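Student: Submitted below is the structure of interest, expressed as structure tokens.
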Amino acid sequence: MITIGITGGIGSGKSTVSQLFELLGIPVYIADRESKRLVATSPVIKEKLIAMFGEELFDGGVLDKALLATHIFNDKEKLAAVNAIIHPEVKNDFINWASSQAHFPVVAQEAAILFESGFDKLMDKVVMVYTPLDMRIERVMARDNIPREKVLERIQNQMPDEQKAELSDFVIVNDNKLSLIAQVQTIVDKLRG
Ligand code: ADP
């Protein structure tokens, strides 16, 4: 089995590209969605978060996301510590998920923070989705209904595109000029040999 990571900055079109991979028969693990599920359900994560922040982090057994956000807001060390609790669980979950897809020759994981979390090392190949900055800003403003400054703030918190591109095996350009589906198909053909 070949595993591929799909990454790219906010608004680059990762989710859109992941859907195309799925249409071409490649199952995709959506790390962002699964990590949210694990944070809500994993007893291991719960226990470690309580050890760090106290019982009040869980209100009637349910994680108080707003309280967690206030703890890690503007505190890089605490954010790193929370990530160190969550990421290994996501990693295990991905490995279990991938082994349950053993009949597929290629599976993928979509993660905005693929490199930052070190998950790229789990993947045989990495695909980065690249979109010119102006286009990303417009798309996120429209998708999330938020002002330009908020989008820029999120973009500035992420690893620069140039760095991501350098670390990737394939770069998909999602600029409405090149066909997205053709680019995905070319990668799939290469990976399937
Ligand atoms: P990401 O998952 O990387 O944040 P999305 O896949 O959600 O990005 O894409 C951001 C927004 O741009 C979405 O609303 C999506 O529908 C739109 N979008 C993505 N690719 C294109 C494209 N090629 N043409 C037009 N809109 C697009």
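The values are calculated or read from the model by the stated rules, or taken from the named source; none is laboratory data. The structure displayed is predicted, hence computed values, not measured ones. Cβ placement follows ideal geometry from the backbone for every residue including glycine, while neighbour counts extend to all protein chains displayed.
Student: Of the numbered conditions (1) away from the ligand (no atom under 13 Å from the Cβ); (2) in a helix (DSSP H, G or I); (3) closer than 16 Å to Lys14 by Cβ, Met159 fails exactly one; give the number of that condition.
Tutor: In the conditions (1) away from the ligand (no atom under 13 Å from the Cβ); (2) in a helix (DSSP H, G or I); (3) closer than 16 Å to Lys14 by Cβ, Met159 misses (2) alone.
Student: While we're looking at this one, here's another question. Being part of a strand (DSSP E or B), touching a residue at least 40 places away in the same chain (Cβ under 8 Å) and out of contact with any Asp or Glu (no Cβ under 7 Å at 6 or more places or on another chain) narrows it down to one residue among Val129, Val151; which is it?
Tutor: Values: Val151 fails: part of a strand (DSSP E or B).
After ruling out the rest, the residue left standing is Val129.
Student: Could you list, in sequence order, all residues of the stretch 89-143 that are away from the ligand (no atom under 13 Å from the Cβ), of a type in the set (Lys, Arg) and surrounded by 14 or more Cβ atoms within 10 Å (Cβ to Cβ)?
Tutor: Passing the criteria: Lys91, Lys125.
Student: Does Gln101 satisfy the condition of being in contact with a Phe, Trp or Tyr (Cβ under 9 Å, 6 or more places away or on another chain) and outside any loop (DSSP other than H, G, I, E, B)?
Tutor: So Gln101 fails the test.
Student: Let me ask another. Of the conditions (1) within 15 Å of the ligand (Cβ to nearest atom); (2) at pLDDT 95 or above, Ile187 satisfies every one except a single condition; which number is it?
Tutor: (1)
Student: Also: Among the listed residues Asn83, Asn96, which satisfies the condition of being of a type in the set (S, T, N, Q), touching a residue at least 24 places away in the same chain (Cβ under 8 Å) and in a helix (DSSP H, G or I)?
Tutor: Details: Asn96 fails: touching a residue at least 24 places away in the same chain (Cβ under 8 Å).
Selected residue: Asn83, the only one of Asn83, Asn96 that is of a type in the set (S, T, N, Q), touching a residue at least 24 places away in the same chain (Cβ under 8 Å) and in a helix (DSSP H, G or I).
Student: Follow-up. Identify, by number, the condition in (1) away from the ligand (no atom under 16 Å from the Cβ); (2) surrounded by fewer than 12 Cβ atoms within 10 Å (Cβ to Cβ) that His71 doesn't meet.
Tutor: The number of the failed condition is (2).
Student: For the stretch 4-58, how many residues are of a type in the set (Val, Ile, Thr), more than 15 Å from the ligand (Cβ to nearest atom) and buried (at least 18 other Cβ atoms within 10 Å of the Cβ)?
Tutor: 4
Student: Do we find a residue being away from the ligand (no atom under 16 Å from the Cβ), touching a strand residue (DSSP E or B) at 6+ places or on another chain (Cβ under 9 Å) and not assigned by TED's automatic domain parsing to the domain that holds Val126 anywhere in the stretch 74-85?
Tutor: no
Student: With respect to the numbered conditions (1) charged (D, E, K, R); (2) crowded, with 20+ Cβ neighbours inside 10 Å; (3) more than 16 Å from the ligand (Cβ to nearest atom), which one is the sole condition not fulfilled by Lys164?
Tutor: Among (1) charged (D, E, K, R); (2) crowded, with 20+ Cβ neighbours inside 10 Å; (3) more than 16 Å from the ligand (Cβ to nearest atom), Lys164 violates only (3).
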